[in-house]
Amino acid sequence: MYDHVIWPERYDPKTSAIYALNDIDVKAPAEVVWKLLVDAENWSSYFPAEDQVKILTGKPELALQTRYSRVTVGFPMSLVVTECEPFRRLAWATTVDGDETGSSAYHGWVITPTVDGCHVLTEETQQGPWFLEELGRKHPGALYRYHQEWVESLARAARRKWQAGQVEWACLEAWPVAWAATLSTEQYWACLRPEYCRYSTDDGRFQPGSADDHPPTIGDK
(Lines give C-alpha, C1' and ligand atoms only; values in the text may rest on other atoms or scores of the structure.)
Protein backbone atom coordinates (compact mmCIF):
# COMPACT_ATOMS: atom_id res chain seq x y z
CA MET A 1 0.00 0.00 0.00
CA TYR A 2 1.46 3.32 -1.06
CA ASP A 3 1.16 6.62 0.78
CA HIS A 4 -1.01 9.39 -0.62
CA VAL A 5 -0.92 13.17 -0.66
CA ILE A 6 -1.42 14.88 2.69
CA TRP A 7 -4.35 17.19 1.98
CA PRO A 8 -5.00 20.60 3.53
CA GLU A 9 -8.62 20.51 4.68
CA ARG A 10 -9.94 22.82 1.97
CA TYR A 11 -8.46 20.60 -0.76
CA ASP A 12 -9.70 17.23 0.48
CA PRO A 13 -10.80 15.06 -2.49
CA LYS A 14 -14.03 14.23 -0.67
CA THR A 15 -15.18 17.84 -0.96
CA SER A 16 -13.48 18.85 -4.21
CA ALA A 17 -15.23 19.34 -7.54
CA ILE A 18 -12.44 17.76 -9.61
CA TYR A 19 -9.96 15.09 -8.56
CA ALA A 20 -7.38 12.98 -10.39
CA LEU A 21 -4.95 10.28 -9.23
CA ASN A 22 -2.18 8.89 -11.42
CA ASP A 23 0.65 6.58 -10.47
CA ILE A 24 3.41 4.57 -12.08
CA ASP A 25 6.31 2.27 -11.23
CA VAL A 26 9.67 3.74 -12.23
CA LYS A 27 12.82 1.72 -12.88
CA ALA A 28 15.09 4.35 -11.35
CA PRO A 29 15.88 5.44 -7.77
CA ALA A 30 13.70 7.99 -5.99
CA GLU A 31 16.61 10.44 -6.01
CA VAL A 32 16.68 10.53 -9.81
CA VAL A 33 12.93 11.14 -10.02
CA TRP A 34 13.17 13.84 -7.37
CA LYS A 35 15.86 15.71 -9.27
CA LEU A 36 13.62 15.83 -12.34
CA LEU A 37 10.62 17.03 -10.32
CA VAL A 38 12.28 19.90 -8.49
CA ASP A 39 14.02 21.14 -11.64
CA ALA A 40 10.78 22.82 -12.69
CA GLU A 41 12.18 25.19 -15.28
CA ASN A 42 13.42 22.15 -17.21
CA TRP A 43 10.26 20.05 -17.03
CA SER A 44 9.87 20.60 -20.75
CA SER A 45 13.04 18.58 -21.41
CA TYR A 46 10.93 15.45 -20.95
CA PHE A 47 7.36 16.84 -20.88
CA PRO A 48 7.10 19.49 -23.64
CA ALA A 49 3.68 20.75 -22.50
CA GLU A 50 5.33 22.40 -19.48
CA ASP A 51 7.53 24.76 -21.43
CA GLN A 52 6.66 28.02 -19.67
CA VAL A 53 7.74 27.59 -16.06
CA LYS A 54 9.59 30.33 -14.18
CA ILE A 55 10.83 30.18 -10.60
CA LEU A 56 10.29 33.57 -8.98
CA THR A 57 11.87 33.19 -5.53
CA GLY A 58 14.75 31.36 -3.88
CA LYS A 59 17.03 28.80 -5.51
CA PRO A 60 16.67 27.47 -9.07
CA GLU A 61 14.99 24.27 -7.82
CA LEU A 62 11.65 23.91 -6.07
CA ALA A 63 11.81 24.06 -2.26
CA LEU A 64 9.41 24.85 0.56
CA GLN A 65 7.70 28.23 -0.05
CA THR A 66 9.15 28.60 -3.55
CA ARG A 67 6.89 30.77 -5.69
CA TYR A 68 6.80 30.16 -9.40
CA SER A 69 4.65 30.66 -12.46
CA ARG A 70 3.64 28.38 -15.30
CA VAL A 71 1.42 28.50 -18.35
CA THR A 72 -0.60 25.30 -18.60
CA VAL A 73 -2.72 24.60 -21.70
CA GLY A 74 -2.63 28.32 -22.45
CA PHE A 75 -3.57 29.63 -18.98
CA PRO A 76 -1.06 31.56 -16.83
CA MET A 77 -0.99 30.38 -13.21
CA SER A 78 0.74 31.29 -9.95
CA LEU A 79 1.99 28.59 -7.60
CA VAL A 80 3.63 28.18 -4.18
CA VAL A 81 5.29 25.04 -2.83
CA THR A 82 3.56 24.02 0.41
CA GLU A 83 5.29 20.71 1.15
CA CYS A 84 8.81 19.55 0.36
CA GLU A 85 10.29 16.40 1.87
CA PRO A 86 13.36 15.59 -0.24
CA PHE A 87 13.09 12.37 -2.25
CA ARG A 88 9.62 11.65 -0.83
CA ARG A 89 6.98 14.42 -1.03
CA LEU A 90 6.36 17.58 -3.04
CA ALA A 91 3.16 19.65 -3.25
CA TRP A 92 2.00 23.07 -4.39
CA ALA A 93 -1.10 25.25 -4.39
CA THR A 94 -2.26 26.96 -7.58
CA THR A 95 -4.35 29.99 -8.51
CA VAL A 96 -5.20 31.16 -12.01
CA ASP A 97 -3.93 34.62 -12.95
CA GLY A 98 -6.81 37.01 -13.62
CA ASP A 99 -9.45 34.72 -12.15
CA GLU A 100 -11.87 36.53 -9.84
CA THR A 101 -13.90 33.53 -8.71
CA GLY A 102 -11.50 32.36 -5.99
CA SER A 103 -10.82 29.09 -7.78
CA SER A 104 -7.72 27.14 -6.74
CA ALA A 105 -6.03 23.75 -6.99
CA TYR A 106 -3.65 21.57 -4.99
CA HIS A 107 -1.18 19.16 -6.60
CA GLY A 108 0.99 16.69 -4.72
CA TRP A 109 3.59 14.04 -5.51
CA VAL A 110 4.56 11.03 -3.37
CA ILE A 111 7.65 8.94 -4.17
CA THR A 112 8.05 5.52 -2.53
CA PRO A 113 11.24 3.45 -2.94
CA THR A 114 10.72 -0.07 -4.29
CA VAL A 115 12.92 -3.07 -5.01
CA ASP A 116 13.19 -2.14 -8.70
CA GLY A 117 13.35 1.66 -8.28
CA CYS A 118 10.42 3.65 -6.97
CA HIS A 119 6.70 4.21 -7.21
CA VAL A 120 5.44 7.68 -8.15
CA LEU A 121 1.93 8.80 -7.24
CA THR A 122 0.47 12.20 -8.08
CA GLU A 123 -2.90 13.62 -7.05
CA GLU A 124 -4.63 16.93 -7.71
CA THR A 125 -7.88 18.49 -6.60
CA GLN A 126 -9.48 21.59 -8.08
CA GLN A 127 -12.18 23.83 -6.66
CA GLY A 128 -14.17 26.80 -7.85
CA PRO A 129 -16.16 28.01 -10.87
CA TRP A 130 -13.15 28.53 -13.13
CA PHE A 131 -11.95 24.92 -12.94
CA LEU A 132 -15.50 23.60 -13.12
CA GLU A 133 -16.06 25.47 -16.37
CA GLU A 134 -12.69 24.96 -18.08
CA LEU A 135 -12.04 21.36 -17.05
CA GLY A 136 -15.25 19.98 -15.60
CA ARG A 137 -17.59 21.10 -18.38
CA LYS A 138 -15.43 21.90 -21.42
CA HIS A 139 -12.78 19.19 -21.03
CA PRO A 140 -13.97 16.38 -18.75
CA GLY A 141 -11.19 13.95 -17.91
CA ALA A 142 -8.48 16.31 -19.16
CA LEU A 143 -6.71 16.54 -15.80
CA TYR A 144 -6.29 12.78 -15.56
CA ARG A 145 -5.05 12.51 -19.15
CA TYR A 146 -2.59 15.38 -18.72
CA HIS A 147 -1.12 13.89 -15.56
CA GLN A 148 -0.95 10.41 -17.08
CA GLU A 149 1.18 11.74 -19.89
CA TRP A 150 3.30 13.59 -17.31
CA VAL A 151 4.01 10.56 -15.10
CA GLU A 152 4.77 8.36 -18.09
CA SER A 153 7.17 10.97 -19.48
CA LEU A 154 8.77 11.38 -16.05
CA ALA A 155 9.26 7.62 -15.73
CA ARG A 156 10.93 7.38 -19.14
CA ALA A 157 13.22 10.33 -18.41
CA ALA A 158 14.24 8.94 -15.01
CA ARG A 159 14.96 5.53 -16.51
CA ARG A 160 17.14 7.08 -19.23
CA LYS A 161 19.10 9.12 -16.69
CA TRP A 162 19.60 6.12 -14.46
CA GLN A 163 20.74 3.91 -17.32
CA ALA A 164 23.12 6.60 -18.56
CA GLY A 165 24.61 6.81 -15.08
CA GLN A 166 25.13 3.05 -14.97
CA VAL A 167 27.01 3.17 -18.28
CA GLU A 168 29.28 5.90 -16.92
CA TRP A 169 29.89 3.81 -13.81
CA ALA A 170 30.89 0.75 -15.79
CA CYS A 171 33.49 2.80 -17.68
CA LEU A 172 35.45 3.68 -14.55
CA GLU A 173 37.56 1.52 -12.25
CA ALA A 174 36.93 3.90 -9.33
CA TRP A 175 35.80 7.44 -8.49
CA PRO A 176 38.05 9.41 -6.13
CA VAL A 177 35.98 10.60 -3.19
CA ALA A 178 37.17 14.17 -3.75
CA TRP A 179 35.26 14.23 -7.05
CA ALA A 180 31.93 13.56 -5.32
CA ALA A 181 31.17 17.24 -4.86
CA THR A 182 31.01 17.71 -8.62
CA LEU A 183 28.62 14.84 -9.40
CA SER A 184 25.02 15.26 -10.37
CA THR A 185 22.43 13.37 -8.33
CA GLU A 186 22.02 10.60 -10.88
CA GLN A 187 25.78 10.20 -11.31
CA TYR A 188 26.18 9.93 -7.57
CA TRP A 189 23.63 7.20 -7.15
CA ALA A 190 24.97 5.35 -10.16
CA CYS A 191 28.64 5.60 -9.33
CA LEU A 192 29.04 5.83 -5.56
CA ARG A 193 27.52 4.11 -2.60
CA PRO A 194 25.94 6.37 0.05
CA GLU A 195 28.63 5.53 2.61
CA TYR A 196 31.33 7.14 0.50
CA CYS A 197 29.83 10.63 0.48
CA ARG A 198 27.20 12.60 2.31
CA TYR A 199 24.49 14.77 0.75
CA SER A 200 24.30 18.36 1.90
CA THR A 201 20.71 19.62 1.82
CA ASP A 202 21.97 23.14 2.48
CA ASP A 203 23.49 23.65 -0.94
CA GLY A 204 22.29 20.59 -2.84
CA ARG A 205 25.80 19.29 -3.47
CA PHE A 206 27.56 16.07 -2.61
CA GLN A 207 30.48 16.54 -0.24
CA PRO A 208 33.46 14.23 0.41
CA GLY A 209 32.99 11.73 3.20
CA SER A 210 35.24 11.05 6.18
CA ALA A 211 38.91 10.19 6.04
CA ASP A 212 38.00 6.53 6.43
CA ASP A 213 35.86 6.54 3.29
CA HIS A 214 37.19 5.01 0.10
CA PRO A 215 36.02 4.99 -3.52
CA PRO A 216 34.25 1.88 -4.82
CA THR A 217 35.54 -0.39 -7.51
CA ILE A 218 33.62 -2.34 -10.11
CA GLY A 219 33.38 -5.25 -7.69
CA ASP A 220 31.70 -3.03 -5.07
CA LYS A 221 28.66 -2.24 -7.23
When you scan the range 136-149, do you find a residue that is in a strand (DSSP E or B), free of Cβ contacts under 8 Å to residues at least 24 places away in the same chain, surrounded by fewer than 21 Cβ atoms within 10 Å (Cβ to Cβ) and out of contact with any helix residue (DSSP H, G or I) (no Cβ under 7 Å at 6 or more places or on another chain), even just one? no
Could you please tell me which pairs satisfy a Cβ distance under 6 Å, a separation of 6+ or placement on different chains, a first residue in the range 5-26 that is at pLDDT below 95, and a second residue that is open to solvent by 60 Å² or more (accessible area, probe 1.4 Å) and not hydroxyl-bearing (Ser, Thr, Tyr)? Ala17/Leu132
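Okay, residues lined up against (1) open to solvent by 10 Å² or more (accessible area, probe 1.4 Å); (2) in a loop (DSSP other than H, G, I, E, B):
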position: Arg70; (1), (2): yes, no
position: Val80; (1), (2): yes, no
position: Phe87; (1), (2): yes, yes
position: Ala91; (1), (2): no, no
position: Asp99; (1), (2): yes, yes
position: Ala105; (1), (2): no, no
position: Trp109; (1), (2): no, no
position: Thr112; (1), (2): yes, no
position: His119; (1), (2): no, no
Of all residues making up the range 82-118, the number that are farther than 27 Å from Arg160 by Cα and β-branched (Val, Ile, Thr): 5
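The values are calculated or read from the model by the stated rules, or taken from the named source; none is laboratory data. Please read these numbers as outputs of a predicted model, since none were measured by experiment. No Cβ is skipped: glycine too gets one built from the backbone with ideal geometry, and neighbour counts run over all protein chains shown. We work out accessible area using only protein heavy atoms, side chains counted, and drop any ligands, DNA or RNA first. Shrake-Rupley method; radii C 1.70, N 1.55, O 1.52, S 1.80 Å.
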